[in-house]
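Engineer: The structure that follows is given in the form of structure tokens.
Rule-based calculations on the coordinates, nothing more; no lab input. These numbers were taken from a predicted model, which means no experiment stands behind them. Here the Cβ positions follow ideal geometry from the backbone for every residue, glycine too, while neighbour counts run over all protein chains shown.
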Amino acid sequence: MDGERDGSRPSGEPDERPRVHFRDYEHVLRMAGLFAFAIVLFLVWRAWAVPPDFGRYGHFRPGAITDAADRTPKYAGHELCIECHSDVEQARQGGGHAKIGCEACHGPLGRHARAETDQAPVRPSTRGVCVTCHTAGEGKPKSFPQVVLREHASAGPCTECHQAHKPGLT
Amino acid sequence: MIEDRRSFLRDTGRFLLLTGAASIAWEHVLAGTPDASPNYALTDHWWGMVIDIDTCIGCGNCVRACKAENDVPLEEGAFRTWVERYQVDTNDLDHPRVDSPNGGYDGFPELRSTGENVKVFFVPKLCNHCAHSPCVQVCPVGATFESPDGVVLVDKSYCIGCRYCVQACPYGCRFIDPRTMTADKCTLCYHRITKGLTTACCEACPTGARQLVDLKNPKDPVHEFIRTHAVHVLKPQMATGAKVYYNGLDGAVR
């Protein structure tokens, strides 16, 4: 059978060379070695690159949760404000502004609240901060106090007539 | 140094055994990643938000507070939260006019003429912190995920900025941060809520239209609110498990 296929060897003549299945097997070994090396290299790189706790909660790095939490708030929060400014908290009780966070009008004052800066907070301009909410506009609930600025009393600051922390005419 | 075969084998064996043991021990050391805050347990919370459309006045305080708190770029298109103004003609409910100039950052300009039968209302929007987020499903590198306390976060050190998540979000809540070219979105002020504070947008909202809620806390007033109000999430047909509940949401809102 072999002889018939191989033209160089006439049939009937005995093959004296030893039968070798993988005659040039060194090539294959070299190739396998190369593959093995690449796989080992990949595994080493992977072990180095992937954090050991990856996948603890899902397909992500749990350290990212800590990263997201690890920032300092810029808005101090109402509770921290009234620790010192309890007088203002008292003054505004019962008024329409009693439940508003201080920083809604005064802006982010986290650094001031944590005493990280000596700079005194800037008093908000009433024309800017009051008008933001109380200017008349479509879409605001009917019960919400609104004014048409052009028709409203004076051109001065709102605090001439109104008390900012407990609104209503003074 | 002269060494016989026995002592060589013994030393090698010890070395291998000890390295193995040390590496296992080290793995345990590393696995003990502390939770976000000393008194904060990830499994004790399930965060969401309630938004009351009826009390929103469209002042834009939440948008400004969010940008200030989270260093969001001031340019157009970069918003972690924004406010939309809807104008719905009662004769044509299917085609509402929606505007959101600079996301509501500067408030809303007065409407010239709305006509007799047009209703106007504001819809504050933010990441819905879906329990089954499409954005998380498409991320090819594990850079975005749902944390065990129900907040969808982005791992900026893993994000490759491929924008799949930006396209996948049905609510349009993501954008590419032009400074880092990575995906950015609302974190529900994760650095605040893990410290016991409310989010910056809720802190700054003058009418209490936005409320941070913890659905795992049985004492949270949200349970009472949801029980007594007709609340709705955006695009429920997408089955995203959205956790931003709107009270008084009009059917015209997309």
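Engineer: Percent relative contact order of chain B, based on C-alpha pairs within less than 8 angstrom and at least six residues apart?
Structural biologist: About 26 percent, as a whole number.
Engineer: Now, a different point. Taking K and R as +1 and D and E as -1, what net charge do the other residues with C-beta under 11 Å from the C-beta of B:THR182 add up to?
Structural biologist: Counting the neighbours of B:THR182, the net charge comes to +2.
Engineer: Choose one answer from B:GLY172, B:GLY150, B:GLY104: the residue with the largest mean-square fluctuation in a GNM of chain B with alpha-carbon springs under 10 Å.
Structural biologist: B:GLY172
Engineer: Running a GNM on chain A with Cα contacts under 10 Å, which residue among A:GLU151, A:GLU103, A:GLU83 ends up with the highest mean-square fluctuation?
Structural biologist: Checking each option, the largest mean-square fluctuation is seen for A:GLU151.
Engineer: Could you work out the relative contact order of chain A? I mean the mean sequence separation of Cα pairs under 8 Å and 6+ apart, divided by the number of residues, in percent.
Structural biologist: Relative contact order comes out at 16 percent.
Engineer: Oh, and also: Report, in deg cm²/dmol and to the nearest 500, the calculated mean residue ellipticity at 222 nm for the protein assembly as shown, where each DSSP H run with n ≥ 4 adds -39500 (n - 2.57) and the sum is divided by the residue count. All intermediate terms of the calculation are to be shown ahead of the outcome.
Structural biologist: On the way: 15 runs with 130 residues, N = 424.
Roughly -8500 deg cm²/dmol at 222 nm, from the helical runs in the protein assembly as shown.
Engineer: Between B:GLU84 and residues 5 or more places away or on another chain, which pairs have amide H atoms under 5 Å apart, with H built 1.01 Å from N, and which residues are they?
Structural biologist: B:VAL123, B:LYS125
Engineer: Which of B:LYS185, B:LYS195 has the fewest other C-beta atoms within 10 Å, and how do the rest follow up to the most?
Structural biologist: Working: B:LYS185 23, B:LYS195 17.
Going from sparsest to densest Cβ surroundings: B:LYS195, B:LYS185.
Engineer: Under a 5 Å amide H to amide H cut-off, with H placed in plane at 1.01 Å, what residues pair with B:TYR246 once short-range neighbours are removed?
Structural biologist: B:ILE51, B:HIS232, B:VAL233
Engineer: For chain A, find the longest principal axis of its Cα atoms and tell me its angle to the long axis of helix A:25-49, 0 to 90°, nearest 10.
Structural biologist: With both axes taken from Cα atoms, the answer is about 20 degrees.
Engineer: Which residue fluctuates the most in chain B, going by a Gaussian network model with Cα springs under 10 Å, if the choices are B:ARG97, B:ARG174, B:ARG14?
Structural biologist: B:ARG14
Engineer: Additional query: Over 32 Å between Cα atoms, which of B:LYS119/B:LYS235; B:LYS156/B:LYS235; A:LYS74/A:LYS142; A:LYS74/B:LYS156; A:LYS166/B:LYS67 qualify?
Structural biologist: Numbers: B:LYS119/B:LYS235 21 Å; B:LYS156/B:LYS235 28 Å; A:LYS74/A:LYS142 34 Å; A:LYS74/B:LYS156 21 Å; A:LYS166/B:LYS67 28 Å.
Going by Cα-Cα distance, A:LYS74/A:LYS142 fall outside the 32 Å limit.
Engineer: Which of the aspartates and glutamates could be linked to B:LYS219 by a straight reach, that is with a Cα gap under 14 Å, when you skip same-chain ones fewer than 8 residues away?
Structural biologist: Cross-link targets: B:ASP44.
Engineer: Okay, moving on. Sorted from largest down, what three extents in whole angstroms do the Cα atoms of region A:25-70 have along their principal axes?
Structural biologist: Computed over the Cα atoms, the extents are 58, 16, 11 Å.
Engineer: Within region A:22-112, which chymotrypsin sites (Phe, Trp or Tyr not before Pro) sit in a loop by DSSP and count at most 10 neighbouring Cβ atoms inside 10 Å? If you can, show how the numbers build up before the last one.
Structural biologist: On the way: sites: A:PHE22, A:TYR25, A:PHE35, A:PHE37, A:PHE42, A:TRP45, A:TRP48, A:PHE54, A:TYR57, A:PHE60, A:TYR75; in loops: A:PHE22, A:PHE54, A:TYR57, A:PHE60, A:TYR75.
Taking region A:22-112 and a limit of 10 other Cβ atoms within 10 Å, the loop chymotrypsin sites (Phe, Trp or Tyr not before Pro) found are A:PHE22.
Engineer: Additional query: Taking all pairs of different Cα atoms in region A:78-160, averaging 1/r and flipping that mean, what Kirkwood radius in angstroms comes out? Each step should come with its number before you reach the end.
Structural biologist: Details: mean 1/r = 0.0673 Å⁻¹.
Kirkwood radius, region A:78-160: 14.9 Å.
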